[in-house]
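Following: one structure in structure tokens, then a few remarks.
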Amino acid sequence: MKAAIVGVGLHPFGRYDGKSALQMGGDAIRLALADAGCQWSDVQAAYAGSFEATNADAVVSQIGLTGLPVRVIFNGCATGNALLASAAEAIEHGEHDVVVAVGMDKHPRGAFSADPEASGHPDWYGEAGLFLTTHYFGMKINRYMHEFGISHQTLARVAAKNLRIGEMNPKAWRRKALSEEEILASPILNYPLRQYMFCGPDEGAAAVVLARPQLAHKFAQPPVYVRAAELRTRRVGAFELMCTSLPLDRVDGPTQEASRAAFEKAGIGPEDVNVIQLQDTDAGSEIIHMAENGFCADGDQEKLVAAGDTEIGGRLPINTDGGLIANGEPMAASGLRQVYELIHQLRGTAGNRQVPGNPTVGYAHLYGAPGAAGCAILSR
Amino acid sequence: MTDSRAIAEGLFTWPSEEPHLIGSRCDACGLVVFPTAEFCVKCSQQQLSDIELGQRGTLWTFTTQQFRPPSPPYVGDESFEPFGLGYVAIDGQCMVETRLTEANPEKLRIGQEMELRIVPVRTDDAGRAVVTFAFAPVD
């Protein structure tokens, strides 16, 4: 028995001065309930995530105090996957019939910053300027380009694609297409990554209503099923964020492990997937994650991207709502934004961004500090 | 540099004419890590020995830090100069994440030989240089 997604809601990502993360979470839940055609009083349990809200379960104050259990989960950028997995498992285990998952965040402008000690790092690491996430992405894609022959032009093509799709998406944050030349002319932040190749932290919320499959017919929307939602942390030897040292030999990272586990659980392979959302913290991440999730061999991205295979009309449509590059990243909401987009693609309601060919299988991937990845597979 | 203090105790031998980074080797499985650790992330044993890491290695990957990291936690001077960052593979030991003395990507190359340096990160209230470790290309 698989949990059915029967409603999705998105508080568009962006900047909302004077509006709290909890308020945006409440709005996202209301939108998801309206989509599902049910009431908050029908919901028996919720899973909530936020980095910035001190108690994510306080979201009930924005929607109604019905006494339901609300469990809080936070896994950094992979939070959305953990929320989805927990909500789906509560249904699969027969614990509840109708469950909501909600992620919401509200980050200040600029690179993520925090107390190194609270993240298990010594003070000197932050004092010396090493406690940042962005330089990792520069180092990872630089090594990848060296090993597998990926060009700077391909980085620019990926950023241009996601910004171009963002221009088509009324709910995106960045809605201005930029040419590859403009992207390559923007300042380097962490070589080889430039300003317009990075996503930015922002604000927003997303919510999902899940139900027992036997009850799915009672809701307003056709069900989409959660076939798998797998999360993995790093092993010794994986090249991950915030590693003060690494062994000399590499092993696969959490993305490869979560991806393989998700495909195994769903009983399908990458060739069966029709629409894909990948963690594009930066253009290089999207390129690397294509291979790490099994959608191509290392190095093939150079020709796949040039041929337009990752465009909405291509063979491997990736980040069909503009991804993180166009939507920004409110950490705990980001993964459920991917689910929102996949649900609309699988229902055939994605409008001018609809993937052609009546897609039936969607894939969502998240990755973030300190080396955790989540992969989810949804299908009609 | 003689009247300077290290950014943290036990990170590298200092003051020293021949500074070394100080890491740990697991007595059970041999895993080498930097900085020193109280348990092994590979086999979870708690018996580890301090070791001095080699002063030379090869550049495994690199990037540049073109914008000033947020403060706190960064303590560098307000007048920010971009710096390089990378992983240097030290033969037979481990790869270390490190600042690089070179911030121009045109002058950095994966696979090139690198050497340990101790560099200032800021000046403290008493006017002394606070120093940290970095690696420099070997000419």
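The values are calculated or read from the model by the stated rules, or taken from the named source; none is laboratory data. The model shown is predicted, which means the values in this text are computed figures rather than measured ones. When we count neighbours, we look across all protein chains shown, and the Cβ atoms used for this are built from the backbone with ideal geometry, even at glycine.
Applying the criterion of being in a strand (DSSP E or B) and not aliphatic (A, V, I, L, M) to the residues of region A:360-378, the residue that is farthest from A:F51 (Cα to Cα) is A:G362.
Contact map, region A:364-380: first residue under 13 Å from A:D280 (Cα atoms), second residue of a type in the set (D, E) and surrounded by fewer than 24 Cβ atoms within 10 Å (Cβ to Cβ), Cβ cut-off under 7 Å, separation 6 or more or different chains; the map is empty. Of all the listed residues (A:R235, A:R227), the sole one being at pLDDT 95 or above and not in a loop (DSSP other than H, G, I, E, B) is A:R227. Scanning region A:41-69 for residues that are within 18 Å of A:R212 (Cβ to Cβ) and free of Cβ contacts under 8 Å to residues at least 60 places away in the same chain returns A:S41, A:D42, A:Q44, A:A45, A:A46, A:Y47, A:L68, A:P69. Considering (1) outside any strand (DSSP E or B); (2) within 19 Å of the chain's Cα centre (by Cα); (3) over 30 Å from A:P116 (Cα atoms); (4) of a type in the set (A, V, I, L, M, F, W, C), the lone condition that A:L215 does not fulfil carries the number (2). The sole residue among A:A185, A:A160 that is under 15 Å from A:D282 (Cα atoms) and without any contact (Cβ under 8 Å) to a residue 24 or more places away in the chain is A:A160.
For region B:122-133, a residue qualifies if it is crowded, with 21+ Cβ neighbours inside 10 Å and more than 14 Å from B:E18 (Cα to Cα), and the qualifying residues are B:V131, B:T132.
For region A:80-87, the criterion of being away from chain B (no Cβ under 14 Å), under 18 Å from A:A369 (Cα atoms), among the hydroxyl-bearing types (S, T, Y) and not in a loop (DSSP other than H, G, I, E, B) is satisfied by no residue at all.
Among the residues of region A:17-74 satisfying the criterion of being among the charged types (D, E, K, R) and within 23 Å of A:G368 (Cβ to Cβ), which is nearest to the chain's Cα centre (by Cα)? Going through the qualifying residues, I end up with A:E52. Note on region B:44-75: among residues that are assigned to a loop (DSSP other than H, G, I, E, B) and buried (at least 20 other Cβ atoms within 10 Å of the Cβ), the one that is farthest from the other protein chains (Cβ to nearest Cβ) is B:L53. The lone criterion from (1) farther than 19 Å from B:Q66 by Cβ; (2) β-branched (V, I, T); (3) more than 14 Å from chain B (Cβ to nearest Cβ) left unmet by A:I150 is number (3).
Determine, yes or no, whether B:P19 is of a type outside the set (V, I, T), out of contact with any strand residue (DSSP E or B) (no Cβ under 9 Å at 6 or more places or on another chain) and within 26 Å of A:E117 (Cβ to Cβ). Here the answer is no, as B:P19 does not meet what is asked.
If you go through region B:76-114 and keep only what is part of a loop (DSSP other than H, G, I, E, B) and within 7 Å of another protein chain (Cβ to nearest Cβ), you end up with B:G76, B:C94, B:I110.
For region A:110-133, filtering for residues that are more than 7 Å from chain B (Cβ to nearest Cβ), part of a loop (DSSP other than H, G, I, E, B) and closer than 18 Å to A:E329 by Cβ leaves 3. Scan region A:1-18 for residues that are surrounded by fewer than 22 Cβ atoms within 10 Å (Cβ to Cβ) and touching a residue at least 40 places away in the same chain (Cβ under 8 Å) and the total you get is 6. The single condition among (1) surrounded by 21 or more Cβ atoms within 10 Å (Cβ to Cβ); (2) within 30 Å of B:S71 (Cα to Cα) that A:L84 does not meet is (2).
Applying the selection to region A:271-288, what residues are buried (at least 24 other Cβ atoms within 10 Å of the Cβ) and either of a type in the set (A, V, I, L, M, F, W, C) or farther than 12 Å from A:T310 by Cα (or both)?
A:V275, A:I276, A:L278, A:Q279, A:D280, A:T281, A:D282, A:A283, A:G284, A:S285, A:I287, A:I288 - these are the residues of region A:271-288 that are buried (at least 24 other Cβ atoms within 10 Å of the Cβ) and either of a type in the set (A, V, I, L, M, F, W, C) or farther than 12 Å from A:T310 by Cα (or both).
Among the residues of region A:173-192, count how many are within 14 Å of chain B (Cβ to nearest Cβ) and in contact with a Lys or Arg (Cβ under 6 Å, 6 or more places away or on another chain). Adding up the residues that qualify gives 2.
With respect to the conditions (1) without any contact (Cβ under 8 Å) to a residue 60 or more places away in the chain; (2) more than 14 Å from chain B (Cβ to nearest Cβ); (3) assigned to a helix (DSSP H, G or I), A:I165 falls short on a single one, namely (1). Scanning region B:26-43 for residues that are more than 8 Å from every other protein chain (Cβ to nearest Cβ) and either among the aromatic types (F, W, Y) or in contact (Cβ under 8 Å) with a residue 40 or more places away in the chain (or both) turns up just one, B:F39. A:T244 fulfils the conditions (1) closer than 26 Å to A:S259 by Cβ; (2) within 14 Å of chain B (Cβ to nearest Cβ) except for a single criterion, (1).
Scanning region B:14-25 for residues that are away from chain A (no Cβ under 11 Å), touching a residue at least 12 places away in the same chain (Cβ under 8 Å) and over 17 Å from B:G57 (Cβ atoms) yields a total of 2.
Here is a yes/no grid of residues against (1) in contact with a Gly (Cβ under 9 Å, 6 or more places away or on another chain); (2) of a type in the set (F, W, Y); (3) farther than 21 Å from B:G10 by Cβ:
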| site | (1), (2), (3) |
| --- | --- |
| B:G57 | no, no, no |
| B:Q65 | yes, no, yes |
| B:P69 | yes, no, yes |
| B:P72 | yes, no, yes |
| B:R99 | yes, no, no |
| B:P105 | yes, no, yes |
| B:G111 | no, no, yes |
| B:V121 | yes, no, no |
| B:A136 | no, no, yes |
